[in-house]
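**Q** There's a structure below that I have some questions on.
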Amino acid sequence: MIVGERFTLLSLKINTFNLFLQEINGITAALAEELFHKGEQLLQAGEVFSLRPLQLYSISQQLRLAKPTCFTGDAKTDLGHILDFTCRLRYLKISGTRGPVGTSNIQENSLSFDLSVFKSLLQIEISDCSSPQVHGLPSLRSTLATLSIHRSTQSMMSILVPEANEFSQWEPEGAESGCPVTAVVPVWRNLTTLDMSHNCISAVDSSVKLIPKVEFLDLSYNQLSSVENLQHLYNLVHVDLSYNSLRTLEAAHTRLGNIKTLSLAGNQLENLTGLSKLYSLVNLDLSHNQLAQLEEIRNIGALPCLEKLNLSSNPMCIIPDYRTKVLAQFGDRAAEVCLDCKVTTEKELDTVEVLKAIQKAKEVKDRMSNSDKKITEDTNPSAAAPPTSSSSSCLAQQAACSSQEITSREEVPEPPTVLPPVDAAPPPESFNSNTLLLSAEPAQVRHKHTWSPWQPRGWSS
């Protein structure tokens, strides 16, 4: 029974393998016949041609078999029609599937395929595949201008530098390196657009050194928490980092250079301090973040080229007169800014002018206040300095004199009647008879005081 079971299992495997080979032959024959009839027309139209991983796997397997390219005897099904088409094709789309193909048990994301049969590709889009199953990408470096990878990788390195799995130390072609390297990797010479959105990328690694001519970079819908290594991309113009996990973007100008379009929507940004020097920025999308303070707009209010700004779905949007308060941060350029995809109205501009006038009046008042304070400090420098012993005594003397002056200005109360004794001595010669006059009436004594301005001691009148 055991021998019989083993024989049955082996027979089943052989039959399954033969059936799979028949499916491969059938797939390639059907594709070859289609291209025999429509291939030339498709190439002249310059349209995007779509292939499945199963079809590409079948082509790769057929090329490995020691069989004639036309095993059926029908010239229409010759594999040569496929190879001629792939050599001249310029636009290719590869769409995989999650799960089995149709009613079969074939998992497309487990079928490897080779792209080296494509010699003239300018644009390729790969979706719902796994990066280990894609072979031959380095052969596209000399021709490819647009590369799009979706739901297929966890790192940029596995797509841009698949050789990194074989070499521990590598450097891009033409780079100067002070340390020994095990491989020099050619750069993507003509690649200007890289779209790696909708993947599971958590870092911008050093593989970007191989794409120096990229102008459009889309890394949206990934898992980025920081942005590094983009300083190697000197030609960047459009960058999409939306729907990642970014909380801050410090000194963005040191990594993003002279970009014109930047999308940071769907992140967790709370401040904009790192964007204040992106002087070439024209379009900025900050929607669906955590921006709550209007003061943060000052960081981008001085950007001279900014024309489109999207702040929708941020906490600050619930602030009364939010639009006019944001537009006021742009000063004289308020009319040039399109906020939240809405054209600025004349009414909003009038309100902005009022806010600007109030702000300018406040600034003038603050400047005058600071100027007066400075003049006061310059003309009275001793007011700010701590008093010395001599100055303290002078101040005390002046205070005493001032007190004496104030007292002398007040009306002196009438003293009670005092009669000198009969045998009292005559008044001294220095006694001023004009100071006190004894009334003839015994009931009171009138006090007469002649006031004169205060004079420092030692001065004569």
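**Q** Mind checking whether some residue in the stretch 190-201 is in contact (Cβ under 8 Å) with a residue 12 or more places away in the chain, of a type in the set (Asp, Glu) and either within 19 Å of THR146 (Cα to Cα) or in a strand (DSSP E or B) (or both)?
**A** Checking the stretch 190-201: at least one residue is in contact (Cβ under 8 Å) with a residue 12 or more places away in the chain, of a type in the set (Asp, Glu) and either within 19 Å of THR146 (Cα to Cα) or in a strand (DSSP E or B) (or both).
**Q** Would you mind stating whether LYS119 is within 38 Å of the chain's Cα centre (by Cα) and charged (D, E, K, R)? Explain how you work it out, then say what you get.
**A** Numbers: within 38 Å of the chain's Cα centre (by Cα): no; charged (D, E, K, R): yes.
So LYS119 does not fit the description; no.
**Q** A follow-up question, please. Anything in the stretch 112-146 that is closer than 15 Å to PRO186 by Cβ and touching a residue at least 24 places away in the same chain (Cβ under 8 Å)? List them, or say none.
**A** Of everything in the stretch 112-146, those that are closer than 15 Å to PRO186 by Cβ and touching a residue at least 24 places away in the same chain (Cβ under 8 Å) turn out to be LEU137, PRO138, SER139, LEU140, ARG141, SER142, THR143, LEU144.
**Q** Could you run through the stretch 315-362 and say how many residues are in a loop (DSSP other than H, G, I, E, B) and either open to solvent by 90 Å² or more (accessible area, probe 1.4 Å) or under 14 Å from LEU294 (Cβ atoms) (or both)?
**A** So the answer is 7.
**Q** Okay, moving on. Collect the residues in the stretch 236-254 that are open to solvent by 50 Å² or more (accessible area, probe 1.4 Å) and either part of a strand (DSSP E or B) or in contact (Cβ under 8 Å) with a residue 24 or more places away in the chain (or both), keeping them in residue-number order.
**A** Residues satisfying the conditions are HIS238, TYR243, THR248, GLU250, HIS253.
**Q** Across the stretch 120-148, which residue is farthest from THR193 (Cα to Cα) among those that are assigned to a strand (DSSP E or B) and not hydrophobic (A, V, I, L, M, F, W, C)?
**A** Checking each candidate, the answer is HIS135.
**Q** Something else about it: Considering only the stretch 180-189, state which residues are open to solvent by 10 Å² or more (accessible area, probe 1.4 Å) and either within 27 Å of the chain's Cα centre (by Cα) or in contact (Cβ under 8 Å) with a residue 24 or more places away in the chain (or both).
**A** Result: PRO186, VAL187, ARG189.
**Q** Looking at the stretch 303-314, can you tell me whether even one residue there is of a type outside the set (Gly, Ala, Ser), touching a His at 6+ places or on another chain (Cβ under 8 Å) and not in a helix (DSSP H, G or I)?
**A** The answer is yes, given that some residue of the stretch 303-314 is of a type outside the set (Gly, Ala, Ser), touching a His at 6+ places or on another chain (Cβ under 8 Å) and not in a helix (DSSP H, G or I).
**Q** Might you let me know whether the stretch 156-164 holds any residue that is out of contact with any Lys or Arg (no Cβ under 8 Å at 6 or more places or on another chain), part of a loop (DSSP other than H, G, I, E, B) and at pLDDT below 95?
**A** So far as the stretch 156-164 goes, yes, one or more of its residues are out of contact with any Lys or Arg (no Cβ under 8 Å at 6 or more places or on another chain), part of a loop (DSSP other than H, G, I, E, B) and at pLDDT below 95.
**Q** Open to solvent by 60 Å² or more (accessible area, probe 1.4 Å), of a type in the set (Asp, Glu), over 23 Å from PRO132 (Cα atoms) and at pLDDT 70 or above: which single residue out of GLU47, GLU5 fits that description?
**A** On inspection, the qualifying residue turns out to be GLU47.
The values are calculated or read from the model by the stated rules, or taken from the named source; none is laboratory data. Remember, predicted model here, so these are calculated numbers, not experimental data. With ideal geometry, Cβ positions are generated from the backbone for all residues, glycine too; neighbour counts draw on all protein chains shown. Just so you know, the surface numbers come from the protein's heavy atoms only, side chains and all, with ligands and any DNA or RNA stripped out. Shrake-Rupley method; radii C 1.70, N 1.55, O 1.52, S 1.80 Å.
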